[in-house]
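What follows is one structure encoded as structure tokens, with my remarks underneath.
The values are calculated or read from the model by the stated rules, or taken from the named source; none is laboratory data. Small disclaimer: the values here were computed from a predicted structure and weren't measured. Quick reminder, even Gly has a Cβ in these numbers, built from the backbone with ideal geometry, and neighbours come from all protein chains shown.
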Amino acid sequence: MVRNQWSVNCRDVAGRKRDLTVYVNEGQIVIVAPPGETAVLAPLEVGRLRAALRDAVVTASVASRE
């Protein structure tokens with residue numbers, strides 16, 4: 001099963017827990033941030049975002065070949 005959506009924990013400027021969502025749509029990578037907010041990421045969360053983006057790129061490139 002190919003995964004095509006990832007969630008990365010973050011916080012908004014006020015320190016509330018939020019999520020960034022990364023997904024693949026028609027071969028393109030989409031990042032959804034908290035509505036009207038700024039996402040604040042700790043170093044570990046940046047690493048998770050990087051991993052989600054890497055996985056999304058792989059998924060998108062496989063989907064575009066099919």
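A few notes on this one:
- Residues that are touching a helix residue (DSSP H, G or I) at 6+ places or on another chain (Cβ under 7 Å) and within 16 Å of residue 3 (Cβ to Cβ) were ranked within segment 24-56; the one that is modelled with the lowest pLDDT is 27.
- Residue 59 vs. criteria at pLDDT below 90 and of a type in the set (Ser, Thr, Tyr): no
- Residue count, segment 41-66 (criterion: part of a loop (DSSP other than H, G, I, E, B) and not small (Gly, Ala, Ser)): 2
- Scanning segment 41-66 for residues that are charged (D, E, K, R) and either under 14 Å from the mean Cα position of the chain (by Cα) or surrounded by 14 or more Cβ atoms within 10 Å (Cβ to Cβ) (or both) yields 45, 48, 50, 54, 55.
- A residue that is on the phi > 0 side of the Ramachandran plot and of a type outside the set (D, E, K, R) occurs nowhere in segment 52-60.
- Residue that is surrounded by the most Cβ atoms within 10 Å (Cβ to Cβ), among those in segment 8-40 that are without any contact (Cβ under 8 Å) to a residue 24 or more places away in the chain and either part of a strand (DSSP E or B) or polar (S, T, N, Q) (or both): 18
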